[in-house]
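Step one of this worksheet: look at the structure below.
The values are calculated or read from the model by the stated rules, or taken from the named source; none is laboratory data. In this text, all values refer to a predicted model and were calculated from it rather than measured experimentally. Reconstructed Cβ throughout: ideal geometry from the backbone, glycine too, with neighbour counts over all protein chains shown. All accessible areas refer to the heavy atoms of the entire protein, side chains included, with ligands and DNA or RNA removed. Shrake-Rupley method; radii C 1.70, N 1.55, O 1.52, S 1.80 Å.
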Amino acid sequence: MAGGVNALVELLRKVDLATERVILEGLERIDPQTANEVRKRMFVFENITLLDNRSTQRVLREVDSKDLGLALKGATAEVRQRVMSNVSERAAKMLEDDIAALGPVRVAQVEEAQSRIVAVIRRLEEAEEIFVMRGGEEDILV
């Protein structure tokens with residue numbers, strides 16, 4: 001494939017969800033392994049910053065608090081800020097305490113927790129319960 005999986009992922013991030021689904025379903029029939037790799041790369045945990053506040057709050061209600069603490073342990077400051085700004089002060093303090101209490105953790109554990117959260121995001125997006133900004137003009141909210 002010219003440009004590889006990364007090029008396809010970047011292209012799919014710019015299309016609407018229906019188009020993404022049609023392309024991935026077609027790819028699944030032709031090359032299931034590549035389709036799976038593309039799906040894994042489509043929405044990464046750091047992309048939580050692409051959610052609007054309402055969508056972020058919806059996701060946080062669905063996510064296990066232990067997964068959230070573990071996922072944030074390896075997250076960027078921007079991602080942490082996004083999450084903390086979408087929970088109550090009390091919840092943010094508890095989350096910070098949980099993260100501090102974790103101590104050192106394996107990167108694999110952090111990535112697994114992040115993957116479980118990404119799965120929740122994808123499920124909610126497919127159910128049209130949340131909105132993910134994909135960078136196109138049609139994503140502008142009015």
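Some points to look at:
- Positive end of the dipole of the chain (Cβ unit charges, origin at the Cα centre): among THR19, LEU72, VAL59, the Cα lying farthest that way belongs to LEU72.
- Length-normalised contact order of region 4-142 in % [C-alpha pairs under 8 Å, at least 6 apart]: 35 percent
- The fraction of accessible area contributed by carbon and sulfur in the chain is 52 percent, rounded to a whole number (1.4 Å probe; ligands and nucleic acids excluded).
- Between region 18-38 and region 59-96, the Cα center-to-center distance that results, in Å: 31 Å
- Here the dipole of the chain is about 340 debye; that uses its Cα centre as origin and unit charges on the Cβ of Lys and Arg (positive) and Asp and Glu (negative).
- When the helices of the chain are scored as -39500 (n - 2.57) per DSSP H run of n ≥ 4 and the total is divided over every residue, the value at 222 nm lands at -20500 deg cm²/dmol.
- Under-25-angstrom lysine pairs by C-alpha in the chain, whenever the two are 8 or more apart or on separate chains: 5
- Each of (1) 12.8; (2) 9.5; (3) 8.2 is a candidate for mean projected area of the Cα convex hull in nm²; the one calculated from this structure is (2).
- Counted charge near VAL5, where neighbours are those whose Cβ lies closer than 11 Å (Asp, Glu -1; Lys, Arg +1): 0
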